[in-house]
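Structure first, commentary second.
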Amino acid sequence: MATDLIQRAPAEHVEKAIERLRATRGLLDLGLWAPAVASVYYAALHAAHALLATIGVVPMTHAGTHQLLGQHFVKDGPLPLGLGRAFGHLMTDRETADYGAPGLIDEAGAREAAETAGGVIRPILALVAERDPAAAPRVAEALGELDRLAAPPPGG
């Protein structure tokens, strides 16, 4: 069943990223820092799945996604080397959010993870839209969600 979820068309993976970006914004607004970090990581994961789907590659694990993204799109381009490192940091942050002691992630850490995720997701989605024009409308929607996520917090 989980395999079926990641063998979808790029646009369907982008839709999952959009859901996670919306959830992240809501979690940040509620002050739920650790769940926001986990959610924004999953947005990046789904964006990576969308890009890998453009070449027919289906990762089976989180680490496999990171490795395959690096192998096919970072090592020799077109994505920058720093993107692979940033994706790895998001993975570590998500593990801390999910398995670390309560309170390890504060507002600053959650907002930093959201900013990092934006730097990972934007170039990935730009490449998805370039490689699969059918996904371009969903990519535009996802980029709009990233813009809303980057907006100052309410009252701030």
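The values are calculated or read from the model by the stated rules, or taken from the named source; none is laboratory data. Just so it is clear, the model here is predicted, and its values are computed rather than measured. For neighbour counting, all protein chains shown are included, and Cβ atoms are generated from backbone atoms with ideal geometry for every residue, glycine included.
Cβ-Cβ distances below 7 Å connect no pair with a first residue in the stretch 73-102 that is modelled with pLDDT of 95 or more and among the hydroxyl-bearing types (S, T, Y), a second residue that is surrounded by fewer than 18 Cβ atoms within 10 Å (Cβ to Cβ) and in a helix (DSSP H, G or I), and a separation of six or more residues or different chains.
Could you figure out which of (1) over 19 Å from D29 (Cβ atoms); (2) part of a helix (DSSP H, G or I) isn't true of D147? Going through the list (1) over 19 Å from D29 (Cβ atoms); (2) part of a helix (DSSP H, G or I), D147 breaks only (1). Residues considered: A140, A135. Of these, the only one that is without any contact (Cβ under 8 Å) to a residue 12 or more places away in the chain, of a type in the set (A, V, I, L, M, F, W, C) and part of a helix (DSSP H, G or I) is A140. When G77 is tested against (1) closer than 19 Å to D93 by Cβ; (2) surrounded by fewer than 20 Cβ atoms within 10 Å (Cβ to Cβ), just one condition goes unmet, and that condition is (1).
Exactly one residue among A108, A113, A97 is under 12 Å from the mean Cα position of the chain (by Cα), of a type in the set (G, A, S) and part of a helix (DSSP H, G or I), and that residue is A113. Does D76 satisfy being more than 29 Å from L30 (Cα to Cα) and among the acidic types (D, E)? So D76 fits the description; yes. Go through the stretch 94-110 and report how many residues are touching a helix residue (DSSP H, G or I) at 6+ places or on another chain (Cβ under 6 Å) and surrounded by 16 or more Cβ atoms within 10 Å (Cβ to Cβ). Going through the stretch 94-110 one residue at a time, the tally reaches 4.
Only one of the numbered conditions (1) closer than 29 Å to G31 by Cα; (2) touching a Lys or Arg at 6+ places or on another chain (Cβ under 9 Å) is not met by V128, and that is (1). Within the stretch 111-156, the set of residues being among the aliphatic types (A, V, I, L, M), surrounded by fewer than 20 Cβ atoms within 10 Å (Cβ to Cβ) and out of contact with any Leu (no Cβ under 8 Å at 6 or more places or on another chain) comprises A126, A134, A136, A140, A150, A151. The numbered conditions (1) touching a Ser or Thr at 6+ places or on another chain (Cβ under 8 Å); (2) surrounded by 17 or more Cβ atoms within 10 Å (Cβ to Cβ) are all true for M60 except (2). When you look at L90, is it buried (at least 21 other Cβ atoms within 10 Å of the Cβ), outside any helix (DSSP H, G or I) and touching a Leu at 6+ places or on another chain (Cβ under 9 Å), yes or no? Spelling it out, it is not the case that L90 is buried (at least 21 other Cβ atoms within 10 Å of the Cβ), outside any helix (DSSP H, G or I) and touching a Leu at 6+ places or on another chain (Cβ under 9 Å). Of all residues in the stretch 37-61, those satisfying the criterion of being in contact (Cβ under 8 Å) with a residue 40 or more places away in the chain and within 12 Å of the chain's Cα centre (by Cα) are V37, A38, V40, Y41, Y42, A43, A44, A47, A48, H49, A50, L51.
When G31 is tested against the conditions (1) of a type in the set (G, A, S); (2) surrounded by 14 or more Cβ atoms within 10 Å (Cβ to Cβ); (3) closer than 26 Å to P153 by Cα; (4) in contact (Cβ under 8 Å) with a residue 60 or more places away in the chain, the lone failure is (2).
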